[in-house]
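Asker: What follows is a single structure, and I will ask about it in a moment.
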Amino acid sequence: LVQREFGKVPYVVDVLVAKIAAQFDDEPGIFRLTGSKAAADALRERFDRGQAVSLERTDVHVAASLLKAFVRELPDPLLTYRHYDALVAAVSYGDDDVAAAAIAAIVGDEQQYADSNFITLDHIVRLLRTVAAAEEVSKMSPSNLGIVFGPNVLRPPPSTTTTTTTTTT
């Protein structure tokens with residue numbers, strides 16, 4: 001989907017973020033409570049077919065579950081495998097300002113982050129900031145949101161270890 005919609009926020013993310021932003025404050029525990037799997041699967045099928053989707057009657061937890069699944073199931077995370085080691089090193093500096101500057105340098109220097117990955121990540125982060133700012137109602141602190149989204153946005157590359165078998169004759 002990100003490749004198909006290069007240069008903009010994928011339709012599925014845009015629609016889900018709008019739904020969550022409009023209703024998260026009515027439902028404490030957004031992103032922590034899961035929505036109906038059957039409803040999420042039906043909605044996912046419509047998105048996968050490229051159909052226009054109305055979320056008017058969709059439970060906000062279904063939208064949140066589907067957004068998390070979308071981010072988790074991207075073949076290359078929003079913060080790509082290519083920069084995994086550099087980004088992990090940057091957050092280990094211990095000083096938040098130094099770490100933030102290092103991350104900004106890694107992300108800012110790469111043309112690829114001007115594309116859909118960065119735009120999509122920015123769209124999601126804006127939602128997460130809004131949810132965190134309403135922590136009293138949402139019950140989701142920045143730390144909780146980081147635990148929920150962090151491993152999906154930045155994850156280690158798949159193992160490249162291969163196993164070979166030898167046969168003797």
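The values are calculated or read from the model by the stated rules, or taken from the named source; none is laboratory data. What you are looking at is a predicted structure, and each value in this text was computed from that prediction instead of being measured. Positions of Cβ are backbone-derived with ideal geometry, glycine not excepted, and every protein chain shown enters the neighbour counts. Quick note on the areas: whole protein, heavy atoms, side chains included, nothing else; ligands and nucleic acids left out. Shrake-Rupley method; radii C 1.70, N 1.55, O 1.52, S 1.80 Å.
Asker: In the chain, which longest range has no GluC sites (Glu not before Pro) that are both DSSP loop (not H, G, I, E or B) and surrounded by at most 16 other Cβ atoms within 10 Å?
Answerer: That would be 111-169.
Asker: Given 0.36 nm per residue, what is the gain on full extension from Ser36 to Arg126 after removing their alpha carbon distance, in nm?
Answerer: 29.9 nm
Asker: Still on this structure, please answer the following. Keeping every protein chain present and rolling a 1.4 Å probe, give me the accessible area per residue for the stretch 1-147 in Å².
Answerer: Roughly 56 Å² per residue, with all protein chains present.
Asker: Same structure, new question: Can you give me the span-like helices of the chain, meaning DSSP H runs with 20 Å or more of Cα extent along the axis and Kyte-Doolittle mean at or above -1.0?
Answerer: Passing helices, by number: 116-133.
Asker: Of the listed values [x] 10, 27, 20, 15, 11, 8, 5, 2, 0; [y] 9, 29, 34, 22, 5, 1; [z] 9, 34, 33, 16, 5, 2, 1, grab the one calculated as P(r) over Cα pairs in 10 Å bins from 0, in percent from the structure here.
Answerer: Computed from the coordinates, P(r) over Cα pairs in 10 Å bins from 0, in percent corresponds to [z].
Asker: Report the full-extension gain for the segment Val91 to Glu135: residue separation times 0.36 nm, less the Cα-Cα distance, to one decimal in nm.
Answerer: Contour length minus Cα-Cα distance gives 13.4 nm.
Asker: Between Arg82 and Arg46, what length comes free when the chain is fully extended (0.36 nm per residue of separation minus the Cα-Cα distance, one decimal in nm)?
Answerer: Stretched out fully, the Arg82 to Arg46 stretch lengthens by 9.8 nm.
Asker: Something else about it: Please give the charge dipole size of the stretch 13-109, origin at the Cα centre, charges +1 on K and R Cβ atoms and -1 on D and E Cβ atoms. Round to the nearest 20 debye.
Answerer: 480
Asker: Would you kindly find the accessible area of Leu74, with a 1.4 Å probe and non-protein molecules such as ligands, DNA and RNA excluded, rounding to the nearest 10 Å²?
Answerer: 20
Asker: Probe radius 1.4 Å, ligands and nucleic acids ignored: give me the carbon and sulfur share of the accessible area of the chain as a rounded percent.
Answerer: Carbon-and-sulfur percentage of accessible area, whole number: 54.
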